[in-house]
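Enquirer: Starting off with a structure, shown below.
The values are calculated or read from the model by the stated rules, or taken from the named source; none is laboratory data. Everything quoted here is computed from the prediction, not taken from an experiment. When we count neighbours, we look across all protein chains shown, and the Cβ atoms used for this are built from the backbone with ideal geometry, even at glycine. Just the protein is used for accessible areas: all its heavy atoms, side chains included, with ligands, DNA and RNA removed. Shrake-Rupley method; radii C 1.70, N 1.55, O 1.52, S 1.80 Å.
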Amino acid sequence: KNLTSGAAACCPPLSVASGGHGSGVMLGHNIYTRAPVFLDRFAGEHVVPNQHMFISGEPGSGKSVTVRTLTLLEAYRGVRTAFVDPEGEYVHFTQALGGQVVHLRPGAFSGINPLDVEPETGDDGRQKVNIQEKIADLHGLVAAVFRYQAGQGLDVRETALLEEAVRELYAEREITADPASLYRGGVKKPMPTLSDVQARLAGKPGAERLADGLKPLLKGGSLGMFDGQTTLHLQDAPFVCFNLRALGSEFARFVGVHATLAWLWQSFAQRGGRAAKKNVAVDEAWMFLRHPDAAGYLETLARRGRKHGCAVTIATQRFEEFASTKEGRAVIESCASILVLKQEDHAARAAVDYFRLASGCAGLLSRARAGQGILRTSGSTTAVQVSPAPFEWPLVETQVKGG
């Protein structure tokens, strides 16, 4: 008896010839059938649970090319992307497409004030200024700095003193939950700065250690990248790149990443709500897992970004290191779409076990060519070849530019 396609569909295990989605961007083609593979991360929860994507591959696997190809294709559909770029690999791409590049350098003001506040839309649809969340952000940054330098964070009293100082600074400027309180005469009021916080703490009994620990973060200090009034205003461009390559020390890079992710959450991820499609792409994300505070921000961005229409794209070359931490697993499990590119043999087997793929996938992953891998999304698993168009290659190939 002839085996029709309808009868074949009833035979387990189910395989999908094309894979991916019925709409979206054409990421590449099926390795075996040559059928096009489409990916639509913003199709909605009836198609894909969330917009987030995890991409893993060893050096030379085509991981960064894949990220740039995906974001380029999604830009055609109106998705804006912010890159957190540890190695300067997205600077050329961003500049060539008329985007905005922010260079972070030790001791040089970045244009970002971590105490700057903007209105955000709550679950009830109303706009408000969330001062409490800003206090929590600053506490997270300061506590992380203390943990990194001294091996311990803030104690209960220091936490209370920091919150008290920040609340006083906002109150002096008459900034409340009302968005109108941010302006005077139609002009936005000057915001508190880290120097203001340090000066206020220096005058409080019991806050001496806290005030001293903030000094490297102030203007003129070795980490004084975020002490000043915000001068960075995201242009209406499809891409913005935060280039961290000039931050040579691990500590400076950690501070840069932590503050950048916090700023992106408020000033980029939440802007425009669900109607504005956005994407935060973090390359070499394994670097951040060394510091639970920075890794926690990735998890927060993935968990809370969904309701604001913001996707998170996580790219890492060290899958096993990423999946071995609680924070890393939380990020992976927040991603509805997974793309595993070429891996070393042991990492290929670990990826197959972790994602419960067919055992034959390990062989494909260990011998894959650049851009080849396994895509899993919306219940389908596909062997895919990511294939930029010839005219896209000069844009998406890796070109490293420094700060």
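Enquirer: Which of the residues belonging to the range 206-231 are within 18 Å of Val102 (Cβ to Cβ) and open to solvent by 20 Å² or more (accessible area, probe 1.4 Å)?
Expert: Once the filter is applied, which keeps residues that are within 18 Å of Val102 (Cβ to Cβ) and open to solvent by 20 Å² or more (accessible area, probe 1.4 Å), the range 206-231 yields Lys219, Gln229, Thr230, Thr231.
Enquirer: Can you tell me which residue within the range 265-287, out of those that are at pLDDT 85 or above and among the basic types (Lys, Arg), is most open to solvent (accessible area, probe 1.4 Å)?
Expert: Lys277
Enquirer: Continuing with this model, one more query. If Thr325 passes every condition in (1) among the β-branched types (Val, Ile, Thr); (2) at pLDDT 90 or above; (3) touching a helix residue (DSSP H, G or I) at 6+ places or on another chain (Cβ under 7 Å) but one, which one does it miss?
Expert: So the condition that Thr325 fails would be (2).
Enquirer: Please go through the range 227-245 and pick out each residue that is closer than 12 Å to Ser110 by Cα and under 19 Å from the mean Cα position of the chain (by Cα).
Expert: Once the filter is applied, which keeps residues that are closer than 12 Å to Ser110 by Cα and under 19 Å from the mean Cα position of the chain (by Cα), the range 227-245 yields Leu232, His233, Phe242, Asn243, Leu244.
Enquirer: If you check every pair at least six apart or on different chains, which have Cβ atoms under 8 Å apart with a residue in the range 240-267 that is more than 19 Å from Arg290 (Cα to Cα) first and a residue that is among the hydroxyl-bearing types (Ser, Thr, Tyr) and open to solvent by 10 Å² or more (accessible area, probe 1.4 Å) second?
Expert: Once the first residue is more than 19 Å from Arg290 (Cα to Cα) and sits in the range 240-267, its partners that are among the hydroxyl-bearing types (Ser, Thr, Tyr) and open to solvent by 10 Å² or more (accessible area, probe 1.4 Å) give Trp265/Tyr297; Trp265/Thr300.
Condition check ((1) of a type in the set (Val, Ile, Thr); (2) touching a strand residue (DSSP E or B) at 6+ places or on another chain (Cβ under 8 Å)) across all residues:
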| position | (1), (2) |
| --- | --- |
| Leu70 | no, yes |
| Glu74 | no, yes |
| Arg80 | no, yes |
| Pro86 | no, no |
| Pro106 | no, no |
| Gly111 | no, yes |
| Ile131 | yes, no |
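Conditions tested, residue by residue: (1) among the basic types (Lys, Arg); (2) touching a Phe, Trp or Tyr at 6+ places or on another chain (Cβ under 8 Å).
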position	(1), (2)
Arg253	yes, no
Trp263	no, no
Val282	no, yes
Glu333	no, no
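Enquirer: Sticking with this structure for a sec: Between a first residue in the range 368-389 that is within 16 Å of Thr33 (Cα to Cα) and touching a residue at least 12 places away in the same chain (Cβ under 8 Å) and a second residue that is open to solvent by 30 Å² or more (accessible area, probe 1.4 Å) and of a type in the set (Phe, Trp, Tyr), which pairs have beta carbons less than 7 Å apart while being 6 or more apart in sequence or on different chains?
Expert: Sorted first by the residue in the range 368-389, then by its partner, the pairs are Ala383/Tyr32.
Enquirer: Let me ask you something else. Just a yes or no: is a residue in the range 3-25 within 27 Å of Glu284 (Cα to Cα) and at pLDDT 75 or above?
Expert: Scanning the range 3-25 turns up at least one residue that is within 27 Å of Glu284 (Cα to Cα) and at pLDDT 75 or above.
Enquirer: Moving on to the next point. Among the residues that make up the range 167-177, is at least one of them of a type in the set (Gly, Ala, Ser) and open to solvent by 20 Å² or more (accessible area, probe 1.4 Å)?
Expert: Checked the range 167-177: at least one residue is of a type in the set (Gly, Ala, Ser) and open to solvent by 20 Å² or more (accessible area, probe 1.4 Å).
Enquirer: Could I ask something else about it? Which residue out of Ala330, Ala350 is at pLDDT 90 or above and either more than 13 Å from the chain's Cα centre (by Cα) or assigned to a strand (DSSP E or B) (or both)?
Expert: Among Ala330, Ala350, only Ala350 is at pLDDT 90 or above and either more than 13 Å from the chain's Cα centre (by Cα) or assigned to a strand (DSSP E or B) (or both).
Enquirer: Of these, Glu344, Glu333, which one is of a type in the set (Asp, Glu), under 26 Å from Leu73 (Cα atoms) and open to solvent by 10 Å² or more (accessible area, probe 1.4 Å)?
Expert: When all the criteria are applied, what remains is Glu333.
Let's see how each residue does on (1) open to solvent by less than 10 Å² (accessible area, probe 1.4 Å); (2) of a type outside the set (Gly, Ala, Ser); (3) farther than 23 Å from Ala336 by Cα:
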| residue | (1), (2), (3) |
| --- | --- |
| Gly373 | yes, no, no |
| Gly379 | no, no, no |
| Ser387 | no, no, no |
| Pro390 | no, yes, yes |
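Enquirer: Being modelled with pLDDT of 90 or more and either touching a His at 6+ places or on another chain (Cβ under 7 Å) or open to solvent by 30 Å² or more (accessible area, probe 1.4 Å) (or both) is the filter here, so list the residues in the range 357-366 that pass it.
Expert: The answer is Ser366, and nothing else.
Enquirer: Out of contact with any His (no Cβ under 7 Å at 6 or more places or on another chain), of a type outside the set (A, V, I, L, M, F, W, C) and closer than 21 Å to Ala336 by Cβ: is that true of Pro49 in this structure?
Expert: yes
Enquirer: Let me ask something else. Restricting to the range 141-159, name every residue that is modelled with pLDDT under 85 and either closer than 18 Å to Gln270 by Cβ or among the basic types (Lys, Arg) (or both).
Expert: Once the filter is applied, which keeps residues that are modelled with pLDDT under 85 and either closer than 18 Å to Gln270 by Cβ or among the basic types (Lys, Arg) (or both), the range 141-159 yields only Arg147.
Enquirer: Hey, which of the helices (runs of 4 or more DSSP H) in the range 142-254, taking only ones fully inside, have at least 2 residues that are under 26 Å from Arg126 (Cβ atoms), out of contact with any Pro (no Cβ under 6 Å at 6 or more places or on another chain) and charged (D, E, K, R)?
Expert: 156-172
Enquirer: Checking the structure you have, find out if any residue of the range 316-326 is in contact with a His (Cβ under 9 Å, 6 or more places away or on another chain) and closer than 20 Å to Tyr90 by Cα. First the steps, then the outcome.
Expert: Here is the first cut: in the range 316-326, the ones in contact with a His (Cβ under 9 Å, 6 or more places away or on another chain) are 320.
Now restrict to residues that are closer than 20 Å to Tyr90 by Cα: none.
No, the range 316-326 has no match at all.
Enquirer: Given the condition modelled with pLDDT of 90 or more, in contact with a Phe, Trp or Tyr (Cβ under 8 Å, 6 or more places away or on another chain), within 23 Å of Gln100 (Cα to Cα) and open to solvent by less than 60 Å² (accessible area, probe 1.4 Å), answer yes or no: does some residue in the range 232-240 qualify?
Expert: yes
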